[in-house]
1. Do you know which residues across the range 46-76 are open to solvent by less than 30 Å² (accessible area, probe 1.4 Å) and over 13 Å from the mean Cα position of the chain (by Cα)?
2. Among the residues of the range 44-76, what is the count of those that are farther than 12 Å from Val109 by Cβ, of a type in the set (A, V, I, L, M, F, W, C) and in a loop (DSSP other than H, G, I, E, B)?
3. Report the residue count in the range 136-171 for those that are buried (at least 19 other Cβ atoms within 10 Å of the Cβ), assigned to a strand (DSSP E or B) and not hydrophobic (A, V, I, L, M, F, W, C).
4. Which condition number in (1) assigned to a loop (DSSP other than H, G, I, E, B); (2) modelled with pLDDT under 80; (3) farther than 30 Å from Tyr155 by Cβ is the one that His10 fails?
5. Which members of the range 94-105 meet the condition of being open to solvent by 90 Å² or more (accessible area, probe 1.4 Å), part of a loop (DSSP other than H, G, I, E, B) and farther than 17 Å from Thr56 by Cβ?
6. Name every residue in the range 77-93 that is out of contact with any Lys or Arg (no Cβ under 7 Å at 6 or more places or on another chain), surrounded by 14 or more Cβ atoms within 10 Å (Cβ to Cβ) and either in a loop (DSSP other than H, G, I, E, B) or hydroxyl-bearing (Ser, Thr, Tyr) (or both), in order of residue number.
Amino acid sequence: RIHPQLVKYHLDRLTRAQKILQSDRPTNPSPRTVRSSQTALIRIPIMGSVNAGPATMIAADAVEDFMQVSSTLLRTKSYQDLIALRIAGNSMNQATIAGNKIEENDLVVVDRTKRTPKDREIVIVNSDGLVNIKRIYFDSENRQIVLRSESTGIYAPIFLSVEDDLEPLIEGT
């Protein structure tokens with residue numbers, strides 16, 4: 001039987017030597033680790049910018065940089081599915097995430113596995129390679145889906161049919 005401290009020792013050495021990332025380490029802590037309540041910093045790739053306004057930016061597949069976030073602030077343990085995007089524009093400057101307004105140059109963390117949004121969730125939309133951030137509304141009475149800005153400025157909503165396949169459009173929430 002291998003002692004857990006020996007495993008931790010080797011993982012720490014590999015992390016310090018930058019052979020593995022902190023986010024590559026096992027996420028299921030042993031009960032002993034949970035009791036020690038060490039918070040992990042998760043390294044999330046910044047994948048460019050997302051328009052908060054008319055969609056003019058092309059979705060990027062290249063990592064520009066990384067940000068580190070405490071694991072206690074994240075709503076998922078599937079850290080490999082998270083990306084960060086920088087906000088460009090002001091069409092969402094009245095919307096809030098966790099009590100904070102979404103302002104120009106802010107970074108938002110996106111879970112790319114969440115492709116089926118709930119009503120009134122903030123979503124990243126990819127239309128013909130152009131990315132945008134909006135709040136989604138499911139209007140069953142008019143059989144439509146509405147993507148709206150929440151801004152001090154005036155921005156036209158985007159209307160979709162309830163028959164439209166959202167899977168290719170929604171990049172994450």
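1. Asn51, Ala52, Gly53, Ser70, Ser71
2. Count: 7.
3. So the answer is 1.
4. (1)
5. Ala98
6. Tyr79, Gly89, Asn90, Ser91, Met92
The values are calculated or read from the model by the stated rules, or taken from the named source; none is laboratory data. Here the structure is a predicted model, which is why all the values come from computation and not from measurement. With ideal geometry, Cβ positions are generated from the backbone for all residues, glycine too; neighbour counts draw on all protein chains shown. These area figures cover heavy atoms from the full protein model, side chains too; ligands, DNA and RNA do not enter into them. Shrake-Rupley method; radii C 1.70, N 1.55, O 1.52, S 1.80 Å.
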